[in-house]
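In what follows, a single structure is set out as structure tokens and then discussed.
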Amino acid sequence: MKVLIIGAGVIGLLTARRLHQEGCQVMVLDAAPEGRPASWAGGGILSPLYPWRYPVEIQQLAASADHSYQRLQQELLSLDTAIDIEVEAQGMLVLEPEDAPEARQWAKDQGIALRSLEDSEIQRSWPYLKRGVDGLWFSECAHVRNPRLLRALRTESIQNGILQAEPLPVQALVRSGNRLDSIRLSSGRTLTADHFVVCAGPWSAGVLASCGLELPVQPVRGQMLAYQDPSQGQMQAMVLYQGRYLIPRRDGVILVGSTVEEAGFDTSITPMAREALQGFAEDLVPMFRGQQPFAQWAGLRPSSPRGVPFIGSMLDNLWVSTGHFRNGLVMAPASAELLTDLMLGRTTSLDPTPYQPRR
Ligand SMILES: Cc1cc2nc3c(=O)[nH]c(=O)nc-3n(C[C@H](O)[C@H](O)[C@H](O)COP(=O)(O)OP(=O)(O)OC[C@H]3O[C@@H](n4cnc5c(N)ncnc54)[C@H](O)[C@@H]3O)c2cc1C
């Protein structure tokens with residue numbers, strides 16, 4: 001089965017990887033537009049933020065992410081390129097959630113390790129944090145270093161002849177009735193396949209519109225900052241507070257995220273976002289005062305109603321996997337598994353109904 005995938009973000013690349021493992025002949029095309037894709041720009045937390053508040057459809061796709069990424073880390077390390085995607089199960093401290101009882105009940109139901117901590121216990125373990133806040137400790141929560149993940153997946157895909165190294169923007173899908181005939185590249189070249197998959201993140205709606213299909217996926221900008229660790233290595237846990245978070249990377253880089261902005265396809269960074277994120281960081285970790293972030297960037301999340309992705313077919317041989325909004329990294333492995341099973345006509349381990357594009 002020959003499959004053409006549009007989009008080399010984490011969703012397109014992991015889907016391609018699974019289909020390739022199943023013996024399909026896969027080709028991934030990417031436009032490589034201005035700016036970085038969300039899969040590079042994100043924080044890489046392998047859990048939705050405040051997961052108990054999310055619909056079950058998202059929780060299901062997120063549930064096995066830790067395992068999947070640990071396995072993927074080993075597989076990618078065993079290649080010649082040996083890029084370490086740095087999956088770190090550091091744990092996440094969630095400060096002052098207003099719905100702590102719901103969180104505790106959710107963790108109990110899901111069998112997820114959770115401890116309630118008083119302000120004094122938090123000060124003992126994380127003395128660099130602001131005083132006077134209590135919280136919940138999710139000791140098993142992990143993150144992946146997603147720019148490395150993307151680099152590792154792209155390198156592997158190019159080596160396997162799956163991803164075309166040069167930018168190949170898809171201009172239009174060419175349809176006849178309930179099937180897709182081909183795709184037309186911006187260069188004018190036409191490519192055919194048995195099956196086509198659109199994984200073009202927030203650009204997916206535009207790609208699909210070229211053959212008269214509609215999908216409610218839109219860009220939502222997120223900005224982040226990076227600091228050097230001011231605590232001499234004490235910062236070793238993710239912290240979530242008032243909707244924003246810190247993520248310590250292995251080499252002492254601390255990410256601070258993120259904004260959620262409706263700005264169309266504009267990937268500019270703004271002084272306003274820098275000020276807001278810097279204010280958050282300095283309030284939460286007073287040691288940041290007087291220190292400047294060394295980087296700021298933006299990415300476009302592919303939003304969808306309730307953040308539930310669209311995974312399934314839109315025509316007989318046209319499939320989509322997109323609209324993962326704030327949780328594309330965590331949901332990517334299970335999304336790739338689900339779409340692969342659907343495309344190969346197998347029984348799926350999750351009920352695919354809630355993800356159907358025509359839902
Ligand atoms: C600031 C920020 C923080 C985030 N933090 C997290 C987090 O901690 N955890 C988490 O799980 N998720 C997080 N996310 C969300 C996550 O990054 C996204 O949901 C996910 O990366 C979406 O992946 P994707 O492959 O669908 O899209 P993208 O990564 O946007 O990839 C789409 C690809 O399609 C290509 N493309 C577009 N149009 C065309 C075309 N016409 N022809 C060919 N190719 C095309 C683009 O070049 C791009 O490479 C965050 C996002 C942001 C912005």
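Every number here is computed from the coordinates shown, using simple stated rules; none is lab data. In this text the structure is predicted, and so the values were computed from the model without any measurement. Neighbour counts run over all protein chains shown; Cβ positions are idealised from the backbone, glycine included.
Over the residues of the chain, the helix contribution to mean residue ellipticity at 222 nm works out to -8500 deg cm²/dmol, using -39500 (n - 2.57) for each DSSP H run of at least 4.
The loop-placed chymotrypsin sites (Phe, Trp or Tyr not before Pro) in segment 280-359, going by DSSP, that have at most 16 neighbouring Cβ atoms within 10 Å of their Cβ come out as PHE294.
Can you classify the chain as rounded, prolate or oblate using the Cα gyration tensor, where a ≥ b ≥ c are the square roots of its eigenvalues, rounded means a/c under 1.5, and otherwise it's prolate if a/b beats b/c and oblate if not? Judged from the Cα gyration tensor, the chain comes out prolate (a/c at least 1.5, a/b above b/c).
The string of couplings for segment 105-112 from the Karplus curve (6.51, -1.76, 1.60, θ = phi - 60°) is 5, 4, 4, 4, 4, 8, x, 9 Hz, one whole number per residue in order, with x for Gly and Pro. Please sort by residue number the trypsin sites (Lys or Arg not before Pro) in segment 235-301 whose DSSP state is loop and whose Cβ has at most 15 other Cβ atoms within 10 Å. Within segment 235-301, the qualifying trypsin sites (Lys or Arg not before Pro) (loop, at most 15 other Cβ atoms within 10 Å) are ARG250, ARG289.
Extension gain, ALA295-SER210: 0.36 nm per intervening residue step, less the Cα-Cα distance, totals 26.9 nm. Loop-located GluC sites (Glu not before Pro) across segment 257-359 with a Cβ neighbour count of 15 or fewer within 10 Å are GLU262, with loop assigned by DSSP.
Taking ALA113, ALA298, ALA281 as the candidate residues, the one with maximal mean-square fluctuation in a Gaussian network model of the chain, Cα springs under 10 Å, is ALA113. Model label points for GLN159 and ALA263, set 7 angstrom from Cα along the Cα-to-Cβ axis, are 3.6 nm apart. Amide H contacts of ASN317 (H built 1.01 Å from N, in plane; Pro and chain starts excluded): LEU180 sit under 5 Å, all sequence-distant by 5 or more or on other chains.
Compare ASP229, ASP30, ASP80 in a GNM of the chain, Cα atoms joined below 10 Å, and give the one with the largest fluctuation. In the Gaussian network model the winner is ASP80. Amide H contacts under 5 Å for GLN291: none, restricted to partners 5 or more places along the chain or on a different chain, H placed in the peptide plane at 1.01 Å from N. Calculated FRET efficiency, GLN123 to GLN236, Cβ-Cβ distance, R0 = 22 Å: about 0.90 to the nearest 0.05. Backbone amide hydrogens, once placed in the peptide plane, bring CYS211 within less than 5 Å of LEU173, excluding anything fewer than 5 places away on its chain. The distance between label points at VAL253 and SER78 comes to 2.8 nm (points 7 Å beyond Cα on the Cα→Cβ vector).
Using only Cα atoms, find the angle between the long axis of helix 328-343 and the longest principal axis of the chain, and express it within 0 to 90 degrees, rounded to the nearest 10. Computed tilt is about 30 degrees. The residue list ILE269, THR259, ILE247 was ranked by how far each Cα lies along the charge dipole of segment 218-303 toward its positive end, using unit charges on Cβ atoms, and ILE247 comes out on top.
Stretching the chain fully between ARG359 and MET272 yields a gain of 27.6 nm (0.36 nm per residue, less the alpha carbon separation).
Here the extension length gained between GLN105 and THR348 equals 84.6 nm, from 0.36 nm per residue of separation less the Cα-Cα distance. For the chain, take the longest principal axis of its alpha carbons; what is the angle in degrees between that and the long axis of helix 271-284, to the nearest 10 within 0 to 90? So the helix axis and the longest Cα principal axis differ by about 40 degrees.
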